[in-house]
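Written below as structure tokens is the structure these notes are about.
The values are calculated or read from the model by the stated rules, or taken from the named source; none is laboratory data. Quick caveat, the model's predicted, so the values are computed rather than measured. Every residue, glycine as well, gets a Cβ built from its backbone with ideal geometry; the counts of neighbours run over all protein chains shown. Surface areas here come from the heavy atoms of the whole protein model, side chains and all, with no ligands, DNA or RNA. Shrake-Rupley method; radii C 1.70, N 1.55, O 1.52, S 1.80 Å.
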Amino acid sequence: MSPTDWLKNNIKGDYHIWGVVLFFSIMSIAVVYSATGTMAYQKLQSTEHYLFKHGALVVLGLACMWVAHRFNYVYYARLSRFGMWLSVPLLLWAYFKGTNLNEASRWITIPLINQTFQPSDLAKLALISNLAAMLAKRQHIKKEQYEPRILVNMIVWIGIICACIVLSNASTAALLAATCFLLMFIGRVPSKYLLIMVVVCMIMGSFALLIGQRAKTSSSRLTNYWQTFQGKRPPEFQVEQSYIALAHGGIYGQGPGNSHQRNFLPHSYSDFIFAMIVEEYGLIGGIVIIAAYLYLLWRGMRAIRKANRAYGGLLSAGLTFSIVIQAMINMAVSVGLVPVTGQPLPLLSMGGTSLLFTGTAIGIIISVSRGEADESKI
């Protein structure tokens, strides 16, 4: 069998999404290698350590994407129920017994392989998938005929999972709540229940924030941002270093591997990787990255028209929103438009198992684009 025949038989769905993800993967390896070179040499006397580690995770993420796109997307509705029930104890375990990094217990260390993962990644994927399934079943019902019990059940699940995430990661919970709100709006949920969802998330989220680990950090970041906006204080150190990287980039950039700020900018390989991209590839490179995310959003939303069922359209919309909104927030942090959130740039930042969950999410979107949902009811 020729390589062309193998690709036709094994790579299905929207080839444009495949192309965008491949572009992001190549760019991610190049930029992460540049951003971590000095750090790797100082710690390990080897500039390639993080390159090989990150490259392996990128390949595994692509593998997860390929596996996920091979399944009929209707099966994810059933798996999502189990995923939601599993994510709550895992989130609580991470908070009380998990690995603490950067003053937050968000990670659980997997035995034997000694690799950490964030249960919030699983929770996001499961909640969006299940919410899409619950909304899809009711698309034939008029707004005034919605059963309050079912809508309350949706809202309670959103509140519980977001509250569990808030304990150690307020920004992730806020982005997930926003994605759920958009998904419920698209799913024709009556306005009063959308308002109830906002109130429930604010009440449960505020309580979880107060008893959790990130109340002081969140308050400090908001205060610093507001004072900087008013001109009463200079920007935070990492934001200031990000500005310098952006200024160095200019129109055409310093060139691949020629960053100066990688030695000064904290988390230049994750939270502020967009500043690294602009420094090395210039304003043109930054615009290309933004355009690629917007193109991914368009292709993900375009998959709605190809889906045979409402579930496929809602699932594709929810997962696409989740990825692109996070990307836009990350890039907005780098240019000082919003407070520092600590969110990585999807598909580009150096990460652990988050790359695998993101790959899985995109694989599900591609599965929807195949338009091969079976005819049985979800």
- Note on the structure: Note: Thr47 to Trp93 extended length (0.36 nm per residue) minus current alpha-carbon separation gives 13.0 nm
- Return the single residue from Ser191, Ser218, Ser25 with maximal mean-square fluctuation; model: Gaussian network over the chain, springs between Cα atoms under 10 Å. Ser191
- Could you tell me which helices of the chain pass both thresholds, a Cα extent of 15 Å or more along their own axis and a mean Kyte-Doolittle hydropathy of at least -1.0, with helices taken as whole DSSP H runs? 15-44, 49-70, 75-97, 119-136, 148-166, 170-186, 191-211, 215-229, 237-249, 273-306, 310-334, 354-370
- Note on the structure: Of 363-369, 328-334, ordering from highest average Cβ density within 10 Å down gives 363-369, 328-334
- Task: Note down the nm distance, to one decimal, between modelled labels 7 Å out along Cα→Cβ at Ala30 and at Ile251.
- Result: 2.0
- First compute the accessible area of the chain with a 1.4 Å probe, then give the percent of it belonging to carbon and sulfur atoms. 66
- Message: For the ranges 276-285, 311-320, what's the packing order if you count other beta-carbon atoms within 10 Å of each residue, average per peptide, and put the highest first?
- Response: 311-320, 276-285
- Message: If you count only protein heavy atoms with a 1.4 Å probe, what accessible area per residue comes out for segment 3-370, rounded to a whole Å²?
- Response: 46
- Task: With all protein chains present, calculate the accessible area of His260 using a 1.4 Å probe and round the result to the nearest 10 Å².
- Result: 100
- Between Asn153 and Thr116, what is the spin-label point distance in nm, taking each point 7 Å from the Cα along the Cα→C-beta axis? 3.7
- Beta carbons within 10 angstrom, averaged per residue: use that to sort the peptides 289-295, 161-167, highest first. 161-167, 289-295
- Query: Hey, any idea what Rg/Rh is for the chain, computing Rh the Kirkwood way over Cα pairs?
  - Reply: 0.97
- Task: Heads up, I need the accessible area for Lys232: 1.4 angstrom probe, whole protein in place, Å², nearest 10.
- Result: 150
